[in-house]
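Here's the structure, in structure tokens; my notes come after.
No value in this document is a laboratory result; all are computed from the given coordinates. No experiment lies behind these values; they were computed from the predicted model shown. Glycine gets a Cβ as well: all are built from the backbone with ideal geometry, and neighbour counts include every protein chain shown.
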Amino acid sequence: MVKRSGIGASAVTAVIFSALLISNLTVFMAAQNRQNLYIKAEAEDSLSNGLLVLAGVGSIGLLGRAQDFFSTTAFNCATAIESTANLLSSLIDIERKDKLTVVTSASWSPSVSAYDNMSMVKPFDGSVAGDVDILLKVSASGAYSPSGVSLERTESHLVHLPVRLEAATSVCTTGVEMLKSSLEGSSPSNCTAYAIGPILSRASAGPSALAASAGLGFGISFTIDQSGGCTVYFDVYISQDRIEGPHGTFSVRMEAAAFAYLRQVVPLPA
């Protein structure tokens, strides 16, 4: 009987080789899958981190433009809030880097104090009751084609500038009414700056204290019209100074014009 041990050994070797080949192929495919996952994870991290950076850059840019508006605008007390809302709604910033585009738009959003996680724009992140609170809408889109990873995301963030606009407009309008009431209730001996100046100074004490209590400055100027009676035209100025903004320190100023009719009392001859 002929022994065929060589054939048996070859068969066993072939089986072992096939098993090793399959095992190696499985390990190789697993490694490839892990590598693809790593690539996708890195792409996702890159897009997410890029979104954070570009959103921060865009937000600081919009805050800076809002600061420039506040520091250069001659506000009227009656229209300051409307002007601010219109300006903020027109602000938009577009940032691009690599395959990512981030669009940030703004709107005025008066609200109570609230926290926001946009720490890149500190100390202007979140909202602060009484300050100008700004709602930012951030839209991001981007993709890394080789990895098949894409990003489409819309976020909302609250930021603020420490401009006390509502308080200033309130002090301004209230101050004007207080002054007008005081002046029209007075009776100067003559219609001259000499007689009216002290009256106006006393009448300004209330509005000035009101402004100071809100951390605001107060000023007044006036002219006198003696034609057809005694009319005092006055301008009230409300200011907030040394405001910290992303472009440095700035000031905001607003004014209101009004007039009051004074009833002149002519002293009787001695």
Net charge contributed by nearby residues that have their C-beta within less than 14 Å of Gly130 (K/R +1, D/E -1):
-2
Extension gain from Arg202 to Ala258, taking 0.36 nm per residue of separation minus the Cα-Cα distance:
18.4 nm
If you take the beta carbon distance between Asp116 and Ser189 as r and set R0 to 45 Å, what does 1/(1 + (r/R0)^6) give as a FRET efficiency, to the nearest 0.05?
0.15
Its Cα gyration tensor gives the stretch 166-262 an equivalent ellipsoid whose semi-axes in whole Å, largest first, are 29, 12, 10
Roughly how many nanometres apart are two label points built 7 Å out from the Cα toward the Cβ at Leu52 and Arg96?
2.5
Net +/- balance of residues flanking Tyr233 in space, Cβ distance below 14 Å, scoring K and R +1, D and E -1
-3
Can you put Val57, Val176 in order, fewest other beta carbons within 10 Å first?
Val57, Val176
Taking Met120, Met178, Met254 and counting other C-beta atoms within 10 Å, the order from fewest to most
Met120, Met178, Met254
